[in-house]
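Okay, structure first, notes after.
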Amino acid sequence: MATATETLQAAQPRPLTVSRAFNAPRELVFKAWSAAEHLKEWFCPTGYTVPEAEVEFRAGGKFDLCMRSPEGQSHWIRGHYVEVTPNARLVIDMNVVTESGKTLFNAHTTVGFETVCGGTQMNVTQRYTLLDPSAADFTRGAEEGWRQTLDRLEAKVARLAAAPPPARSVAHGVFTIERTYDAPPALVFRALTDPQAKAQWFHGGEGYTVMSRKMDVRPGGRETLQGGWQNGLVSTFEAFYYDVIPDERLVYSYEMHMGERKISVSLATFELKVAGQGTRLVMTEQGAFLDGYDDAGSREHGSGLLLDAVGEWLKGEMKSAATANAG
């Protein structure tokens with residue numbers, strides 16, 4: 001016959017991961033975790049309240065709050081911040097305790113914040129340790145409880161976003177990316193300048209839907225791409241071409257908007273050089289990131305992925321050409 005300890009160990013729940021995308025920069029979502037005044041507005045499911053909270057927003061700092069049910073029953077979360085990495089990651093060790101002081105379970109909580117096209121993807125993972133058999137009902141409802149809690153967080157972030165905008169600022173960034181393709185410069189240039197070719201690799205990827213696209217590659221010509229994301233964000237790319245030398249060079253400036261907000265202005269240069277039987281492409285971008293937008297390297301990373309997509313398109317074209325010649 002199993003002992004009480006063995007029964008409790010067998011009942012330990014699986015870790016839970018929940019995610020939510022916010023139409024707001026990650027510093028704003030991160031801020032909602034940073035103070036008792038914020039947490040009291042959202043850190044509980046629908047119908048519950050947080051009448052008391054005490055927070056010391058630093059590693060080792062206190063994370064204590066009281067969660068009260070619609071029936072008036074209170075449970076305390078007694079814990080501390082294990083890790084606080086600004087705008088990127090939180091780790092919080094929490095114990096859920098009854099009014100009488102009985103500890104029901106531990107919830108080791110990790111929260112990650114990632115920039116996704118000017119918005120924020122937040123991922124929460126909780127690992128539970130049951131310390132009392134009666135806590136099983138609490139953890140079984142955790143997924144729905146978090147869904148309702150994140151609904152409240154979304155409303156809180158919207159209220160923070162409606163606050164007066166931050167002071168104007170500009171942060172500068174420069175990066176260079178190189179790729180060597182097994183294709184002639186003329187084909188690489190076509191990938192960059194032909195509307196039908198570019199449409200096959202220049203887009204947002206999974207979760208992105210193209211809303212409109214126009215392209216006119218010539219000195220003085222313009223290009224636009226607008227698309228929507230599953231979290232409701234609408235991104236807009238608007239470019240102006242200055243220098244177009246077939247098979248050799250492209251120079252254009254472009255703006256990026258997230259909704260109505262302009263987040264950056266950049267100058268991009270593409271240079272094509274013969275490299276054996278192929279082409280070496282050198283992309284250099286000089287960016288100005290505006291009014292608190294935190295790029296955190298995402299532009300360089302995203303550009304690298306797009307150039308990899310160019311490579312896949314080129315492979316397909318070269319394979320098709322070889323098949324046609326063999327026939």
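For the condition charged (D, E, K, R) and under 30 Å from Pro246 (Cα atoms), what is the one hit in Arg152, Arg179?
Arg179
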Would you point out the residue of region 213-266, among those that are under 18 Å from the mean Cα position of the chain (by Cα) and part of a loop (DSSP other than H, G, I, E, B), that is surrounded by the most Cβ atoms within 10 Å (Cβ to Cβ)? Leu233
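Could you list, in sequence order, the residues of region 186-211 that are under 23 Å from the mean Cα position of the chain (by Cα) and either loosely packed, with under 13 Cβ neighbours inside 10 Å or not in a strand (DSSP E or B) (or both)?
Across region 186-211, the qualifying residues are Trp201, Phe202, His203, Gly204, Gly205, Glu206, Gly207, Thr209, Met211.
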One residue from Pro184, Pro219, Pro195 being farther than 30 Å from Lys102 by Cα and in contact (Cβ under 8 Å) with a residue 40 or more places away in the chain: Pro184
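Only residues that are of a type in the set (Asp, Glu) and at pLDDT below 95: list them for region 242-276, please.
Matches in region 242-276: Glu260 only.
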Go through (1) at pLDDT 90 or above; (2) more than 30 Å from Ala161 (Cβ to Cβ); (3) not polar (S, T, N, Q) and name the single condition Ala321 misses. (1)
When you scan region 51-63, how many residues do you find that are in contact with a Lys or Arg (Cβ under 7 Å, 6 or more places away or on another chain) and either surrounded by fewer than 18 Cβ atoms within 10 Å (Cβ to Cβ) or on the phi > 0 side of the Ramachandran plot (or both)? 3
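The values are calculated or read from the model by the stated rules, or taken from the named source; none is laboratory data. What you see is a predicted model, and the numbers here were worked out from it, not measured in a lab. Neighbour counts are summed over all protein chains in view; Cβ atoms, including those assigned to glycine, are modelled from backbone coordinates with ideal geometry.
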